[in-house]
Amino acid sequence: MATREQVLPALDRFGREVVVGVRDSAISEYDNGIRRAPKAKPRPDAAMAVQQRDADAKIIAGLPDELRDLIRRQVVDVVDNAIHHLLWRLSQEADFDQASLVFDGIELFTAATETMAWEGLFWGPYAEDGWYARFSEFREHGT
């Protein structure tokens, strides 16, 4: 069985992957899309969903700053909620032995439960010294 001293660093390494690889990538993709939207050339050969995304980005880029800021806050909130719900759902499945999450050779849900290290997994993203504060390029967070 893993010790708390083994589990917390594994949770942090996993958290860095989630924050940098998923959260920051999603927020960056939104920011970059809005930034390049005014100069972007139409791509008639692109899939309809891509064409719609580009058209939407042009509209958002043309909005007043306060509306663009409001939309961006909503994007961050949706990304943060998606991460929360994914972790929560995986943990629920792990409770019934239907899923496991192994990172650095440690089954995180079981190990977090056995070592009482839940703060590293569920409070990890949101705490003042949590995953978002320590690993994210974007320090603000949603709910």
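Rounded to whole Å, give me the distance from the Cα center of the range 1-45 to that of the range 50-86.
15 Å
Need the full-extension length gain, VAL78 to ALA40, defined as separation in residues times 0.36 nm minus the C-alpha distance. One decimal, nm.
11.1 nm
Note down the nm distance, to one decimal, between modelled labels 7 Å out along Cα→Cβ at GLU66 and at ALA127.
Distance between the two pseudo-spin positions: 3.8 nm.
Grab the Cα-Cα distance for MET1 and ARG89, subtract it from 0.36 nm times how many residues apart they are, and report the gain in nm with one decimal. Kindly include the intermediate steps, with their values, before the conclusion.
Details: separation 88, 0.36 × 88 = 31.68 nm, distance 2.35 nm.
Residue separation times 0.36 nm, minus the Cα-Cα distance, leaves 29.3 nm.
Any read-out appearing in this document is the output of simple, stated calculations on the displayed coordinates, not a laboratory observation. Predicted, not measured: the structure shown is a model, and the values here were computed from it. In this analysis, Cβ positions are derived from the backbone assuming ideal geometry, glycine residues included, and neighbour counts consider all displayed protein chains.
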